[in-house]
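Heads up: the structure comes next, in structure tokens.
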Amino acid sequence: MRLKGKTAIVTGSGSGFGEGIAKVFAREGANVVVNDVNEDGGKRVAAEIASENGNASFFAADVTSAEDMTRLVDHATTTYGGLHILVNNAGVAHKRKSMLDVTEDELDRILAVNVKGLYHTANAAIPVMRAGGSGAIVNIASTAAVRPRPGLTWYNASKGAVTTLTKSMAVELAEDGIRVNAVNPVAGETPLLPTFLGEDTPENREAFRQTVPLGRFSTPKDVGDAVLFLASDEASLITGVCMEIDGGRCV
């Protein structure tokens, strides 16, 4: 088991990519803190992990709240005795539309979750990792940061910030033994897919699928397997990398 004895927090893991990551981590022996603002989804994921003899607990907390993130990290350390891995997966998007039609409230929400959320989790988790002498942080960015497409301009910008933050964090935290990497998934079978498509129709799905050389959307397991590698000791010399999980879309 590649993560045996390690404790991981996965934000936004009540569905989608986060759920896939949490389940892959548990399969590989990690103690997983399932975090989400959606209590029903988070409790379901934790229960499903437990039903497969994995170790998981659910903790409801909002990444836009510094106090919530402090309580989340405290839960991890109190329950499992430490914190080794943090996956910043929680994210939101605006519906595909002209950049001039995105409201200020929508923009504030996107930046609060996708960018400022990393600020709050860093402030809560990094001191604990420093005290332990090591750690692995994986940020979930997007192909939108690498190959921006019309209609999602402000979302694209938020994910571009995540990739820049990843590289800067990697350099700054290297002396602490903390690695920081990111993955850039192509659109996947998650609750956010209709938002990216604008309108979830068979025609729109097929049109997007044709832009992916390998011919399919990503899945939570695809992303989970990639994040597993970056979080594991097998990637001990890898930091500052933003890996595309995209079937060749960004080539």
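Remarks
- Helix 116-132 vs. the chain, principal-axis angle (Cα, 0 to 90°, nearest 10): 30
- In the chain, lysine pairs closer than 14 Å at Cα, eight or more apart or cross-chain: 5
- Rounded to the nearest angstrom and listed largest first, the equivalent-ellipsoid semi-axes of the stretch 147-217 from its Cα gyration tensor are 31, 13, 10.
- In summary, the stretch 4-68 shows an alpha-carbon radius of gyration equal to 1.00 times the 2.2 N^0.38 Å reference for compact globular proteins.
- Total charge dipole magnitude, the stretch 196-251, about the Cα centre, Cβ charges on Lys, Arg, Asp, Glu only, Debye to nearest 20: 100
- Distant alpha-carbon pairs in the stretch 1-111 (separation over 22 angstrom), percent: 33
- Semi-axis lengths, largest first, of the ellipsoid equivalent to the stretch 108-201 are 29, 12, 12 Å, with √(5λ) applied to each eigenvalue of the Cα gyration tensor.
- For the stretch 178-226, the fraction of alpha-carbon pairs in successive 5 Å shells from zero, as %: 5, 18, 28, 23, 14, 7, 4, 2, 1
- This model, with +1 at the C-beta of Lys and Arg and -1 at the C-beta of Asp and Glu, gives the stretch 75-220 a dipole about its Cα centre of some 320 debye.
- Cα-based helix-to-principal-axis angle, 153-173 vs the chain, degrees rounded to 10: 30
- Cα pair distances exceeding 28 angstrom across the chain, given as percent: 27
- Among residues other than Asp40 with Cβ under 15 Å from its Cβ, the summed charge is -2 (Lys and Arg +1, Asp and Glu -1).
- Rounded to the nearest 500, the 222 nm mean residue ellipticity of the chain from helices alone is -14500 deg cm²/dmol, with -39,500 (n - 2.57) taken per DSSP H run of at least 4 residues.
Any read-out appearing in this document is the output of simple, stated calculations on the displayed coordinates, not a laboratory observation. For clarity, every value in this text was computed on a predicted model and none was experimentally measured. Positions of Cβ are generated from backbone atoms using ideal geometry, with glycine treated the same way; all protein chains shown enter the neighbour counts.
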